[in-house]
Amino acid sequence: MTPITRPRLFRREQLSRDLRSAAVALVVSVLVLAAPSVAAKITNADTVDHKSAVGAGASVKKRAGKLVATNKQGRLPNDIIAKAPDANRLDGLDSTQLRSVAAAPGTVQSGLWGAWGGNADGYVADAVTLPSRLPGDIPLSRVTYINSGAAMTTECPGPGRVGPAGWACFYELNRGGATYGNIFFQDELGGGPSGVSRDGFGIYYACSSAECYAYGRWAVKAGTAASARVPARPARRSNP
């Protein structure tokens, strides 16, 4: 005879445990499903690491001690720093190779000039622009031209050197078939003032041969802005 199977009854402890498990599972499911909508409703944080933030258009006073956001172009304000750190190089060039806007009083600039040509009744000339603009013009009375082989002077002690400020020295290295004519303002060719202007000079020679040339080294020591332009002189036949 087959025994009668009695239905299994849940005990109270087991039923409570199963209900708790089901409740935890339900809560987790709700949180997972609601995560996107909950995240969308989270407001911006008031501070970041205890610091407030302002937009790129905020004034210097308002953004003091705060985080500054970039603008729509992804840039910060131009005055975000008071001064950029000094750099010894710019685009690979050493700072000594960069041209200054104006020469400081007492600084020396030096270079070469050269004139070649061929005409027994003509001229040869060269024009030089100074690397840095002088504070003032240098009149011809403060220009010394030293012929090749001639003795140096107190104002012009040697090639590339100048004694007093506001003075120009021209050291001729070689010359042939040419006679030195004049040194004049580069920006006033033909009858202009003689000497070195703030921007440069022109130098010319009269040719006495079918082949003539002259070259040398110049040096200029910047003076002060008090240097005045000299009055224009009448054009001479020897001035091209």
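If you go through the stretch 169-187, how many residues are part of a loop (DSSP other than H, G, I, E, B) and of a type in the set (Lys, Arg)?
0
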#### Entry: Restricting the stretch 194-205 to residues that are out of contact with any helix residue (DSSP H, G or I) (no Cβ under 8 Å at 6 or more places or on another chain) and farther than 14 Å from residue 114 by Cα, the residue that is surrounded by the fewest Cβ atoms within 10 Å (Cβ to Cβ)
199
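Among 163, 190, which is the only one that is over 30 Å from the mean Cα position of the chain (by Cα), modelled with pLDDT under 95, not in a strand (DSSP E or B) and not acidic (Asp, Glu)?
Details: 163 fails: modelled with pLDDT under 95.
Only one candidate passes the filter, namely 190.
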### Task
Working only within the stretch 107-138, note down all residues that are assigned to a loop (DSSP other than H, G, I, E, B) and under 22 Å from residue 156 (Cβ atoms).
107, 130, 131, 132, 134, 135, 136, 137
#### Entry: Conditions (1) among the small types (Gly, Ala, Ser); (2) in contact (Cβ under 8 Å) with a residue 60 or more places away in the chain; (3) part of a loop (DSSP other than H, G, I, E, B): number failed by residue 206
(3)
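Could you say which residue among 69, 87 is surrounded by 13 or more Cβ atoms within 10 Å (Cβ to Cβ), farther than 16 Å from residue 196 by Cβ and out of contact with any Cys (no Cβ under 9 Å at 6 or more places or on another chain)? Steps first, answer last, please.
Values: 87 fails: surrounded by 13 or more Cβ atoms within 10 Å (Cβ to Cβ).
Going through 69, 87 in turn, the sole match is 69.
The values are calculated or read from the model by the stated rules, or taken from the named source; none is laboratory data. What you see is a predicted model, and the numbers here were worked out from it, not measured in a lab. Don't worry about glycine lacking a Cβ; one is built from the backbone with ideal geometry, like all the others, and counts go over all protein chains shown.
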